[in-house]
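The values are calculated or read from the model by the stated rules, or taken from the named source; none is laboratory data. Predicted, not measured: the structure shown is a model, and the values here were computed from it. Neighbour counts are summed over all protein chains in view; Cβ atoms, including those assigned to glycine, are modelled from backbone coordinates with ideal geometry. For the accessible areas, the whole protein counts, side chains as well, though only heavy atoms, and no ligand, DNA or RNA atoms are used. Shrake-Rupley method; radii C 1.70, N 1.55, O 1.52, S 1.80 Å.
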Amino acid sequence: MKKKICKFCKSVHLKKVSAKSCLSKVPEGLIRSNKENFDGFQCLDCKSIINKYQKIIDYQSGVYSTNKNYFREKIGYDYTGNLLSYICKNSHYNILEIGAGEGAVARFLKSKNFNIDVVEPDSNYKEKLKNSLDTVYSNLDLCKKKYDIIYSIGVLEHVHDMDKFIFECKNLLKSDGLLIYQYPNIQSFSSRLCLKKWDMLFESGHLSIPS
């Protein structure tokens, strides 16, 4: 029988992780129900998580934009605010956001006089983004120019072929460009304290979470 290998560090030291969410209320901003199962593996070496049943979602269909319980990260959140502060301290000018949602972060950067393009597959979000941003792509393949900064917020854990995705992003960077991914922290205190109750295991579309 072929041994399972960690897709991130190639280790063969994996442990099974099975869990069920039984919260009385779904945390604000998530789209899942409060009765979700997780079945997968965690690498004992790099601690990354891999979902055994990788359900690929059609994000063009509006799975997020039509869900009343879901909201995108607001610029006041600690990690988003820190990301924006870091970007604004740089002199870089051309920026690409991947997975812009309703565009709050992109509009903020535009207000600071950055040239910003966005990638957003959700057809509902895309039409709204066109009202306030100049360049809106439906997928990464349509981007042709080079950027000083490329960032994504809460996207990497949804990507099926992560190696291909990162390679495509790097190809769109200038030689001295900056690539920033924000995604759930598997090394966070709440995850280490009780992984089987960690919210990010149960969110729909989370295929894997690298360390």
(request) Just grab the label-to-label distance for Glu127 and Lys35, each label 7 Å out from Cα along the Cβ direction, in nm (one decimal). (result) 3.4 nm
(request) Using the charge dipole of the chain (Lys, Arg: +1 at Cβ; Asp, Glu: -1 at Cβ; taken about the Cα centre), state which of Phe114, Gly40, Leu129 has its Cα farthest towards the positive end. (result) Gly40
(request) Could you please report the charge total around Asp148, scoring K, R as +1 and D, E as -1 over all other residues with beta-carbon less than 12 angstrom from its beta-carbon? (result) +1
(message) No partner Cβ under 4.7 angstrom, meaning no disulfide-compatible partner by this rule: which Cys of the chain qualify?
(response) Cys22, Cys88, Cys143, Cys169, Cys194
(message) Probe radius 1.4 Å, ligands and nucleic acids ignored: give me the carbon and sulfur share of the accessible area of the chain as a rounded percent.
(response) 51 percent
(request) Largest first and to the nearest Å, give the Cα extent of the chain along each principal axis. (result) 51, 39, 30
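Give, rounded to the nearest 20 debye, the magnitude of the charge dipole that the chain has about its Cα centre when Lys and Arg contribute +1 at Cβ and Asp and Glu contribute -1 at Cβ.
740 debye
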(request) Would you grab the residues whose amide H sits under 5 Å from the one on Arg32? Only those 5+ places off in sequence or on another chain, please, with H modelled 1.01 Å from N. (result) Ser204
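Run through every distinct alpha carbon pair of the stretch 1-41 and return the Kirkwood hydrodynamic radius in angstroms, one decimal place.
About 12.6 Å, per the Kirkwood formula over Cα pairs.
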(message) Give me the one-decimal nm value for the distance between modelled label points at Asp134 and Asn171, 7 Å along each residue's Cα-to-Cβ direction.
(response) 2.5 nm
(request) Enumerate the calculated ³J(HN,Hα) couplings along the stretch 30-43 in order (Karplus 6.51 cos²θ - 1.76 cosθ + 1.60, θ = phi - 60°), each rounded to whole Hz, writing x wherever the residue is Gly or Pro. (result) 9, 9, 6, 7, 8, 10, 10, 9, 10, 9, x, 9, 10, 6
